[in-house]
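Scroll down for the structure; my scribbles are underneath it.
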Amino acid sequence: MSSLFPALTDGPGDRVALRFGERSLTYGGLAGAAGALAARLRGAGRVAVWATTELETAVAVTGSLLAGVAAVPLNPRSGEKELAHILSDSAPALVLAAPGTQLPPILDGLERLDVDASAVGAVPEERAADGDPALVVYTSGTTGPPKGAVLPRRALAATLDALAVAWRWTGDDVLVHGLPLFHVHGLVLGVLGPLRRGGSVRHLGRFSPRGVARELNAGATMLFGVPTMYHRIAEALPGDPELAGALAGARLLVSGSAALPVHDHERIRAATGRRVIERYGMTETLMNTSVRADGEARAGTVGVPLPGVELRLVEEDGTEIAGYDGESVGEIQVRGPNLFTGYLNRPDATAAAFTRDGWFRTGDMAVREPDGYVRIVGRKATDLIKSGGYKIGAGEIENALLEHPGVREAAVTGEPDADLGERIVAWIVPADPQAPPADAELADHVARRLAPHKRPRVVRHLDALPRNDMGKIMKRALADG
Ligand code: MCA
Ligand code: AMP
């Protein structure tokens, strides 16, 4: 296929491609560093990337893609159980990391290759095919450990080019964000997006409204964030005219990964005169819909299907909802070049995810407004929680909790949370009611095994979990109780 990053060879080499804090790399510098890495990686199979929010992660992924090698981004805060699963499932040939970063002992058996951001090599000709895997990104399901979504090179190109049309995104844009680099939002949209356009990205290292204001006032044109970040911006706006001015001057403010509450939309609009636009995607599908740069940003909607994406709403019995009446609710199903090819080592889960005609079942429920705008109204699975923009399966947390000696039974639900969207609530029956484990101990236990963002924020104790006649836990009774 043609190159994923033409700007590495065709554009001005002195243009800044990446900036992380004080460190930056020009296109010439990135071409040298990623080219040198690609020469080491060619033929390596899959490689893991220890995805810290640093320059080296961007170089590692770019180098892997140039070499035609699939990259598996790892959350550097992953706990033992989660890491062990991802490593055995994806079987990487080696792990790429920033020099000096300490890796956990579980990676001791794996060859480590330090990424040298100042190396000088030549950009190889990209020989990989469109359908070859580019990334394997792990995503939670309702039960069991996370599944590796295999994203082909064509999906990256298709989604980024469709967003370029919808958002009029060009090489002149300078993107600012503080998203993690082991998920699609921060890595594909937030790093590979600017690189494909020949533009720049400035990563905040860690999100803060202050950092956003600073960068937008210093020439950044676009902001990407999850709703929790926009919520924190909305909270900060009243006392911060510099932030209000910065947002007012931006070309595009984009939210995604979860629904941005109307209240936050409204507060930002009132303080800045600017509307945040939403786009809707998934790890498995990359981006499906968006409000266009020249479209109406209507709070609570995620816009229209992106160029190349087929989208339909389907009722429970498989009937397609034909009209756009703004009322009939159906599951969003999508088809297009933006889709993943399957879950690694999980033909069963892959088959279940698609209809016979190749439509991907998103599990998201929506209506279509008369002008075609999609409005998401819910989700099929109650066992998926979106907290801070992260998708988290109730089952994986329940399993982790049950491995704690102080827990006899466990159920996990999501509760509305103004900041996180949903917060994780653990309902437990202690093994010894006289000496239940401390809440913080359970949170740490989950954080150590899985990841800190999967830890329960609230723990509630019960004598027994409510179960139906079949013995199944009645989660709705918990939530309503
Ligand atoms: C707290 N911490 C702990 C513990 N408690 N560490 C170990 N054990 C504990 N018990 C640490 C955390 O690691 C973190 O460290 C700090 O304390 C605060 O944690 P937390 O409360 O989780 O962070 P937060 O401040 O609430 O984070 C909010 C956030 C974050 C910044 C919005 O949730 C975030 O980055 N979300 C982005 C998610 C995302 O990118 N989703 C995209 C996937 P430290 O402070 O040092 O970090 S969806 C996707 O890709 C699709 C395609 C789409 O549509 O976009
Ligand atoms: P993930 O699997 O982590 O990639 O998360 C994908 C899910 O995030 C989707 O299935 C939706 O439920 C949700 N999502 C992403 N963007 C939006 C949005 N703009 N509005 C509502 N939900 C969203």
- Item | Expected-Rg normalisation [2.2 N^0.38 Å, Cα atoms] applied to region 255-384 | 1.09
- Query: What GluC sites (Glu not before Pro) in region 49-129 are in a loop by DSSP, with at most 15 other Cβ atoms within 10 Å of the Cβ?
  - Reply: E125
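Net charge near I106, counting Lys/Arg +1 and Asp/Glu -1 over other residues with Cβ under 11 Å of its Cβ? Could you put the intermediate results ahead of the total?
Values: positive: K81; negative: E80, E82, D108.
Cβ neighbours under 11 Å give a net charge of -2.
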- Rounded to the nearest 500 deg cm²/dmol, what is the calculated helix-only ellipticity per residue at 222 nm for the chain, with -39500 (n - 2.57) per DSSP H run of length n ≥ 4? -8000 deg cm²/dmol
- Note on the structure: If unit charges are put on Cβ atoms (+1 for Lys and Arg, -1 for Asp and Glu) and the dipole of the chain is taken about its Cα centre, the option from S3, G121, L187 lying farthest towards the positive end turns out to be G121
- Message: Could you tell me how far the Cα centroid of region 228-254 sits from the Cα centroid of region 40-86, in Å?
- Response: 33 Å
- Task: Please get the size of the charge dipole for region 377-430, origin at its Cα centre, with Cβ charges of +1 on Lys and Arg and -1 on Asp and Glu, quoted in debye to the nearest 20.
- Result: 180 debye
- Item | Among beta bridges that DSSP assigns inside the chain, antiparallel share in %, nearest 5 | 60 percent
- Mind listing which trypsin sites (Lys or Arg not before Pro) in region 163-225 are in a DSSP loop and have 14 or fewer other Cβ atoms within 10 Å? R168, R206
- Task: Work out the length of the dipole vector of the chain about its Cα centre, built from +1 on the beta-carbon of each Lys and Arg and -1 on the beta-carbon of each Asp and Glu, and round it to the nearest 20 debye.
- Result: 600 debye
- Query: Where does the charge balance sit around F340 when Lys and Arg score +1, Asp and Glu -1, over other residues with C-beta under 14 Å from its C-beta?
  - Reply: +3
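Which GluC sites (Glu not before Pro) in region 369-414 pass both tests, a DSSP loop state and at most 16 other beta-carbon atoms within 10 Å? Write out the running numbers ahead of the final one.
On the way: sites: E396, E398, E403, E409; in loops: E403.
In loop regions of region 369-414 (DSSP not H, G, I, E or B), the sparsely surrounded GluC sites (Glu not before Pro) are E403.
Rounded, prolate or oblate: which one fits the chain, using the alpha carbon gyration tensor with axes a ≥ b ≥ c (rounded when a/c is under 1.5, else prolate when a/b beats b/c, else oblate)? It would help to have the intermediate numbers written out before the result.
On the way: a/c = 1.44, a/b = 1.21, b/c = 1.19.
The shape class here is rounded.
Summing Lys, Arg as +1 and Asp, Glu as -1, what charge do residues with Cβ under 9 Å from the Cβ of R457 carry, R457 excluded?
On the way: positive: R423, R455; negative: E415, D417.
Result for the neighbourhood of R457: 0.
Values in this text are rule-based calculations from the coordinates and carry no lab data. A quick note: this is a predicted structure, and the numbers were derived from the prediction, not measured. As a convention, Cβ positions derive from the backbone with ideal geometry for all residues, glycine included, and neighbour counts pool all protein chains shown.
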